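Everything on this sheet refers to the single structure shown next.
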Amino acid sequence: MRCAPSSPPSENVHLLGRGGAFAVMQLAKGVMANFRIALIQLHVSAAKTENLNRACGLVRSAAEQGAKLVVLPECFNSPYGTKYFPDYAEKIPGETTEKLSEIAKECGVYLIGGSIPEEDAGKLYNTCTGFGPDGAMITKYRKIHLFDINVPGKIRFQESETLSPGATLSVIDTPYCKIGLGICYDLRFAELAQIYTQKGCQLLVYPGAFNLTTGPAHWELLQRGRAVDNQVYVATASPARDEKASYVAWGHSTVVNPWGEVIAKAGTEETVIYADIDLKRLAEVRQQIPILSQKRSDLYAVESKFA
């Protein structure tokens, strides 16, 4: 059974391009000017099957509300913690990615599958997979910046105790826009967002799980910074907050437009939030403040070592 989308959304929230001219070219090529994104802020339990079933149910709900792109949170099938990663890790393809493929095809949506602990060749990774509306896996991105921090008296976390970093970037081409992927801590690295923008991305998506120390201080700040610096849309999908968990996520899944405005934001509970993305608006921002064409590449540059 295929999910039935609702009538087109009435809200007019905004997105797009590499420069104003690039955005106009994209629209002329048939890239859709408006589409709806849904961010699923999932309550994650210790029961993997329950997490998967709840996630699939919320993907269906999002599709019924007209979402064309649906995003799940970081570590959505497992509690977040180094002691959990080895027990919950899967091969890809595996149980979780097969379910994601099925629900993407059933609902006819592009699905960014948050992230899961992945096992490959004796190593563990924090991995995001993406699926097209035909159910095909179209990307696999492994978190490249591991979350190793120590804020005395507040939080110490070392992903590197169990996880290995990825070594590639991920750009997804869709009929709606071009998307660059990061996971959580990757949001802190401005260079990654700049490289994705150079590659023509108009939307940056970060499944993430900031905490009660870094969340209130930096979560929204970093998103707005990445959006304004690169004149792109930024979307972050967090797990819902669970005060009983060993690692308490901040929540507040968010969408920011290229002007740096927060256009959708969740609270702390399980929910789905939506934003209607307007590619013409992104082109307008880039034409009004043309920083991408004004960069002094003769004096400085950010270069990717990944083709």
For Asn230: the one exception among (1) polar (S, T, N, Q); (2) surrounded by fewer than 18 Cβ atoms within 10 Å (Cβ to Cβ); (3) closer than 28 Å to Ile149 by Cβ
(2)
Any residue in segment 47-67 that's over 12 Å from Ala104 (Cα atoms): show its pairings with residues that are charged (D, E, K, R) and in a helix (DSSP H, G or I) at Cβ separation under 8 Å, as long as the two are six or more apart or on different chains.
Lys48/Glu95; Leu52/Glu95; Leu52/Lys99
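Those residues that are among the aliphatic types (A, V, I, L, M) and either assigned to a helix (DSSP H, G or I) or over 15 Å from the mean Cα position of the chain (by Cα) (or both), I need them from segment 163-203; list them, please. Let's see the steps before the verdict.
Taking segment 163-203 first, the residues among the aliphatic types (A, V, I, L, M) are 163, 167, 169, 171-172, 179, 181, 183, 187, 190, 192-193, 195, 203.
The answer is Leu163, Ala167, Leu187, Ala190, Leu192, Ala193, Ile195.
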Pro239 fails exactly one of (1) under 22 Å from Leu181 (Cβ atoms); (2) surrounded by fewer than 24 Cβ atoms within 10 Å (Cβ to Cβ), namely (2)
So the check is Cβ under 6 Å with 6+ separation or different chains; which pairs have a first residue in segment 268-289 that's under 30 Å from Ala240 (Cα atoms) and at pLDDT below 95 and a second one that's surrounded by fewer than 18 Cβ atoms within 10 Å (Cβ to Cβ) and among the charged types (D, E, K, R)?
Asp276/Glu11
Output for Cβ contacts, cut-off 7 Å, separation at least six or different chains, first residue more than 19 Å from Pro239 (Cβ to Cβ) in segment 174-194, second aromatic (Phe, Trp, Tyr) and part of a helix (DSSP H, G or I), reads Gly180/Tyr196
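Every residue, every condition in (1) of a type in the set (Ser, Thr, Tyr); (2) touching an Asp or Glu at 6+ places or on another chain (Cβ under 8 Å); (3) modelled with pLDDT of 95 or more; (4) part of a loop (DSSP other than H, G, I, E, B), yes or no:
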position: Asn12; (1), (2), (3), (4): no, yes, no, yes
position: Leu15; (1), (2), (3), (4): no, yes, no, yes
position: Phe22; (1), (2), (3), (4): no, no, no, no
position: Met25; (1), (2), (3), (4): no, no, no, no
position: Gly30; (1), (2), (3), (4): no, no, no, yes
position: His43; (1), (2), (3), (4): no, yes, yes, yes
position: Ala55; (1), (2), (3), (4): no, no, yes, no
position: Val59; (1), (2), (3), (4): no, no, yes, no
position: Ala62; (1), (2), (3), (4): no, no, yes, no
Just to be sure before I move on: is Val248 more than 19 Å from Lys68 (Cβ to Cβ) and among the β-branched types (Val, Ile, Thr) in the structure I sent?
yes
Within segment 34-54, tally of residues that are of a type outside the set (D, E, K, R) and more than 15 Å from the chain's Cα centre (by Cα):
11
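Report, by residue number, each residue of segment 282-297 that is part of a helix (DSSP H, G or I) and of a type in the set (S, T, N, Q). Give the derivation first.
We begin by selecting, within segment 282-297, every residue part of a helix (DSSP H, G or I); these are 282-288, 291-294.
Across segment 282-297, the qualifying residues are Gln287, Gln288, Ser293, Gln294.
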In segment 156-173, anything free of Cβ contacts under 8 Å to residues at least 60 places away in the same chain and charged (D, E, K, R) is listed as Arg156, Asp173
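The values are calculated or read from the model by the stated rules, or taken from the named source; none is laboratory data. Computed from a prediction, not measured in an experiment: that's the story for all the values here. Here Cβ is always computed from backbone atoms with ideal geometry, including for glycine, and neighbour counts include all displayed protein chains.
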